[in-house]
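Inspection log for the structure reproduced underneath, given as structure tokens.
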């Protein structure tokens, strides 16, 4: 019993959610990075497609790969908020720079807070707390910079592109590290170790 792995808030398949979020960000990041047109309309279309796809991933896969009810709820809300923001951006893609700033900054504030809160709740567990905190802080910083920097479409859309590059780089590292850690845990766990319930309850995460 003493050698049993510590309970985790994520299931064995959660690593694929992190990698999936990164893969969704690859094409939008490339479009903004290699396209000279940094207009608000392009930004809304790219953001809308990204938010809609990543939100759908969280709604469909997030609850099935998380082991605590509160975490499932937080990421379900995260996914729904992303899908709503994405649908608004695509539906009103010709609304101009002001609408781009509004929808992306509100989305960043809401989803960034949700991910930061999720990370704080499980701060006693290095995984996934540090990954959720890092991603949430990055998203919140995006929202803050969009509000503080001069309202220039080139700057705003370029900043969102930089955020996408951050996701493309960080999330695969986080996801694959989690997968490899799980593999090492299985190898290091003695065969005669008694099985334990690996899913902590909500009170354990506070």
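The values are calculated or read from the model by the stated rules, or taken from the named source; none is laboratory data. Here the structure is a predicted model, which is why all the values come from computation and not from measurement. Methodologically, a virtual Cβ is constructed for each residue, glycine included, from the backbone with ideal geometry; neighbour enumeration extends over all protein chains shown.
Determine which member of the set 144, 171 is closer than 20 Å to residue 118 by Cα, outside any loop (DSSP other than H, G, I, E, B) and at pLDDT 95 or above.
Details: 171 fails: at pLDDT 95 or above.
Only one candidate qualifies: 144.
Take the conditions (1) surrounded by fewer than 21 Cβ atoms within 10 Å (Cβ to Cβ); (2) part of a helix (DSSP H, G or I); (3) in contact with a helix residue (DSSP H, G or I) (Cβ under 8 Å, 6 or more places away or on another chain); residue 95 misses just one of them, which is (2). Given the condition closer than 19 Å to residue 129 by Cβ, modelled with pLDDT of 95 or more, in contact with a helix residue (DSSP H, G or I) (Cβ under 6 Å, 6 or more places away or on another chain) and surrounded by 20 or more Cβ atoms within 10 Å (Cβ to Cβ), answer yes or no: does some residue in segment 75-82 qualify? Yes: segment 75-82 contains one or more residues that are closer than 19 Å to residue 129 by Cβ, modelled with pLDDT of 95 or more, in contact with a helix residue (DSSP H, G or I) (Cβ under 6 Å, 6 or more places away or on another chain) and surrounded by 20 or more Cβ atoms within 10 Å (Cβ to Cβ).
Here is the figure for segment 143-169: residues that are over 22 Å from residue 36 (Cβ atoms) and surrounded by 18 or more Cβ atoms within 10 Å (Cβ to Cβ) total 2. Identify, by number, the condition in (1) closer than 28 Å to residue 147 by Cα; (2) in contact with a helix residue (DSSP H, G or I) (Cβ under 9 Å, 6 or more places away or on another chain); (3) modelled with pLDDT under 95 that residue 72 doesn't meet. Every condition holds for residue 72 apart from (1).
Matching residues to (1) over 17 Å from the mean Cα position of the chain (by Cα); (2) under 30 Å from residue 152 (Cβ atoms); (3) not in a helix (DSSP H, G or I):
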residue	(1), (2), (3)
59	no, no, no
81	no, yes, no
86	no, yes, no
90	yes, yes, no
105	no, yes, no
109	no, yes, no
115	no, yes, no
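Can you name every residue in segment 42-69 that is in contact (Cβ under 8 Å) with a residue 40 or more places away in the chain and surrounded by fewer than 17 Cβ atoms within 10 Å (Cβ to Cβ)?
64, 69
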